[in-house]
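**Student:** Below: one structure in structure tokens.
Just so it is clear, none of the values below were taken in a lab; they were calculated from the coordinates. On a predicted model such as this, the values are computed, not experimentally measured, just so you know. So basically every Cβ, Gly included, is an ideal-geometry build from the backbone, and we count neighbours across all protein chains shown.
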Amino acid sequence: MAVEELHSIIKRCQILEEQDFKEEDFGLFQLAGQRCIDEGHIDQLLEIIQNEKNKVIIKNMGWNLVGPVVRYLLRNDKEHDKRKYYFLMLDLLVKLCNPKELLLGLLELIEEPSGKQISQIILLLLRPLQTVIQKLRNNKAYSVGLALSTLWSQLSLLPVPYSKEQIQADDYGLCQCCKALIEFTKPFVEDVIDNKESSMENEKLKDEILKFCFRSLKCPLLTAQFLEQSDDTVDDPLRCFASEIIGFLSAIGHPFLKMIFNHGRKKKTWDYLEFEEEEDKQLSDSMASLAYLVFVQGISIDQLPMVLSPSYLLQFNMGHIEVLLQRTEESVFSKGLYLLENGLLRIEDNSLLHQHLEIKSFLTVPQGLVKVMTLCPTETLRKKGLAMLQLYINKLDPQGKYTLFRCLLNTSNHSGVEAFIIQNIKNQIDMSLKRTYNKWFTGPQLISLLDLVLFLPEGAETDLLQNSDRIMASLNLLRYLVIKDNENDNQTGLWTELEKIENNFLKPLHTGLNMSKAHYEAEIKNSQEVQKCKDLCSITVGREEIPNMPPEMQLKVLHSALFTFDLIESVLARVEELIEIKTKSTSEENMG
């Protein structure tokens, strides 16, 4: 019945001119063709399509059959004996139908699915889509751009595999699609290369490929994790995809070096491509991804001129590192850590000039490292962030270290980080006293820095428990200074500032300790009374109430706090004892 109905429609349309086809004819043709496919009349349908008399009808109406054919191929098992006939029909329709209508129809089909069907339909339609675009005579660049944009939008919905096992399994087909997408794009890249004349259409095609490369660098390559290069057992499809994308950039006249080093400059050498505000953010992510691929993964690294100095490379990569560290995904900001490490390891200790800190990213990057150290839930990455901050400090010259220490003491707002910085200050003072004189960590410059260290932010009211790491580090630094610097020498300037240190730090600390110990001892007494009732209770620790804590756990917390205060008090007492001994000894020497 469906075949007869289709024959009837075709017979009526055969006597009409092409321009006389009505919308009703298109609808009837599609319905009858759909029924033929559903009822399995594939042989008869193929005869109709291949009949020379129906050439004009198929050219104008045949594209309506592509959707039903594609859905059949997706729905039926790969071993189904009739699949080859449906593939033949798809090839014939691509060959015979109006390419403009086919293009839109294929892209609509690609946009339809979700989940695992996204990759299935992309892999099915990439070759037909490529053929259709190559048949178009006009606006080819626009069509390529539309196709690449649609394909990328769908691919960006697929989860990116992270582990070797996930990459091998490729459950959602992303890796297969990336490989197929490269083959899809290659002919259009070759068109740009072959067209030596700088025609408007060729420039537009180049722009569309450039946009696709930018998008691919952001997704999936920005979040992609790559297999170890030493692993010979598996080819890394995402690494291959990255390599091809970078190759495309060079092929169309945008080698990675020019792009990485010009991004962020007010005047670019490739400024004809205008981006909207949202795309400009995408461009920053893409360039950061590109920098990681080149410098850390070593893709096309052989194109890097050997004359470029390590500090020059670091300077241009710091903006990209900043972008990566601003992201919250571990798979992305971890790349910022490795890109920073790659740049710093090329530089000798104490050789990175302090003038670099006048560049915004040279201060925002260490602040980004602090966020990783304090907020990242993964311990290995927190430790990596700490190691990178230490490495960064090691590379700066003395004035650079001094400037960075001041910055982080003012901005970190984290007791543990401040303790880490104070320990580094102590190390620099030690080197200055033992080895080479350094004006930034002795005398007036050091005293200015110590003003940020040897004080309590809120005086005696400061939360000592929350600031215990910083306070202990400050006391240890002060103890070191008292031991190493004699009052008569006063190389550090400590002894002329002793009265201020006592007023701003030591005396308020004494008062704060007495207040804190009294508070916690009262809490312990209260907790012991409550424990007799065997009830849940709440306590106040570090000015924050912790509700519904079992009494025995509460006592542990309170005793731990008291132990911390005792520890601080013992170090404080030792510092004051040393000050008294040193002061008395100096007075006796002067009298003698």
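**Student:** Which shape class applies to the stretch 86-155: rounded if a/c is under 1.5, otherwise prolate when a/b exceeds b/c and oblate if not, where a ≥ b ≥ c are the square roots of the Cα gyration tensor eigenvalues?
**Tutor:** oblate
**Student:** Order the peptides 430-437, 107-114, 216-223 from the highest to the lowest mean number of other Cβ atoms within 10 Å of their residues.
**Tutor:** Going by the mean number of other Cβ atoms within 10 Å, highest first, we get 216-223, 107-114, 430-437.
**Student:** Still on this model: Please list the non-local residues whose amide H lies under 5 Å from the amide H of Gly493, H modeled 1.01 Å from N, same-chain partners needing a gap of 5 or more.
**Tutor:** Distant-sequence amide H within range of Gly493: Gly443.
**Student:** Same structure again: Starting from 0.36 nm per residue, how many nanometres of slack lie between Phe87 and Asp489 once their C-alpha separation is accounted for?
**Tutor:** 135.6 nm
**Student:** When a/c reaches 1.5 or more, the comparison of a/b and b/c decides; with that in mind, is the stretch 274-396 rounded, prolate or oblate per its Cα gyration tensor?
**Tutor:** On the way: a/c = 1.41, a/b = 1.02, b/c = 1.39.
It comes out rounded by the Cα gyration axes.
**Student:** Whole-Hz Karplus ³J(HN,Hα) for the stretch 567-578, in order, using 6.51 cos²θ - 1.76 cosθ + 1.60 and θ = phi - 60°, x for Gly and Pro?
**Tutor:** Listing the rounded values in order: 5, 4, 5, 5, 5, 4, 4, 5, 4, 5, 4, 5 Hz.
**Student:** Once you put a point 7 Å from the Cα of Glu228 and another 7 Å from the Cα of Cys240, both along the Cβ direction, what distance in nm separates them?
**Tutor:** Simple spin-label model gives 2.2 nm for this pair.
**Student:** Taking all pairs of different Cα atoms in the stretch 419-480, averaging 1/r and flipping that mean, what Kirkwood radius in angstroms comes out? Could you put the intermediate results ahead of the total?
**Tutor:** On the way: mean 1/r = 0.0814 Å⁻¹.
Roughly 12.3 Å, rounded to one decimal.
**Student:** Something else about it: When the Karplus curve 6.51 cos²θ - 1.76 cosθ + 1.60 is applied with θ = phi - 60°, which whole-Hz ³J(HN,Hα) does each residue of the stretch 484-498 get, with x for Gly and Pro?
**Tutor:** Each residue of the stretch 484-498 in turn: 7, 10, 6, 4, 5, 6, 6, 4, 8, x, 4, 5, 6, 9, 4 Hz.
**Student:** Let me ask you something else. Name the long-range amide H neighbours of Leu352: under 5 Å, sequence gap of 5 or more, or other chain; modelled H, no Pro or chain starts.
**Tutor:** So Leu352 has HN proximity to Leu396, Asp397.
**Student:** Here's something else I'd like to know. Quick one: if you stick a label point 7 Å off each Cα along the C-beta vector at Tyr437 and Ile359, how many nm between them?
**Tutor:** 3.3 nm
**Student:** Residue separation times 0.36 nm, minus the C-alpha to C-alpha distance between Thr496 and Val56: what's the value?
**Tutor:** On the way: separation 440, 0.36 × 440 = 158.40 nm, distance 9.99 nm.
Using 0.36 nm per residue and subtracting the Cα-Cα distance, I get 148.4 nm.
**Student:** If you don't mind, there's one more thing I want to ask. So what does the Cα-only Debye profile of the stretch 350-501 read at q = 0.09, 0.15, 0.20 Å⁻¹, as log10 I(q)/I(0), no solvent term?
**Tutor:** Log10 of I(q)/I(0), two decimals: -0.29, -0.81, -1.33.
**Student:** Would you work out if the stretch 79-219 is rounded, prolate or oblate? Take a ≥ b ≥ c from the square roots of the eigenvalues of the alpha-carbon gyration tensor; rounded if a/c is under 1.5, else prolate when a/b is larger than b/c, oblate otherwise.
**Tutor:** oblate
**Student:** While we're here: Residue-wise, which Karplus ³J(HN,Hα) couplings in Hz belong to the stretch 58-70, taking 6.51 cos²θ - 1.76 cosθ + 1.60, θ = phi - 60°, and x for glycine or proline?
**Tutor:** Ordered by residue, 3J(HN,Hα) equals 5, 4, 8, 10, x, 4, 5, 8, 4, x, x, 5, 5 Hz.
**Student:** Quick one: putting +1 on the C-beta of Lys and Arg, -1 on the C-beta of Asp and Glu, what dipole do you get for the stretch 160-227 around its Cα centre, in Debye to the nearest 20?
**Tutor:** It works out to roughly 280 debye.
**Student:** Viscosity 0.890 mPa s, temperature 25 °C: give me the Stokes-Einstein translational D for the stretch 390-448 in µm²/s, with Rh taken as the Kirkwood radius over C-alpha pairs.
**Tutor:** 210 µm²/s
**Student:** Mind checking the full-extension length gain between Asp566 and Ile193? Use 0.36 nm per residue of separation minus the Cα-Cα distance, one decimal, nm.
**Tutor:** 126.8 nm
**Student:** Note down the magnitude of the dipole of the stretch 440-503 about its Cα centre, charges +1 on Lys and Arg C-beta and -1 on Asp and Glu C-beta and zero elsewhere, to the nearest 20 debye. All intermediate terms of the calculation are to be shown ahead of the outcome.
**Tutor:** Details: 4 positive and 11 negative charges, 47 e Å.
It comes to approximately 220 debye.
**Student:** Calculate, for Leu31 and Ser331, the FRET efficiency according to 1/(1 + (r/R0)^6) with r their C-beta to C-beta distance and R0 60 Å; round to the nearest 0.05.
**Tutor:** 0.80
**Student:** Considering all alpha-carbon pairs of the stretch 298-369, what whole percent are spaced by more than 19 angstrom?
**Tutor:** Roughly 34 percent, once rounded to a whole number.
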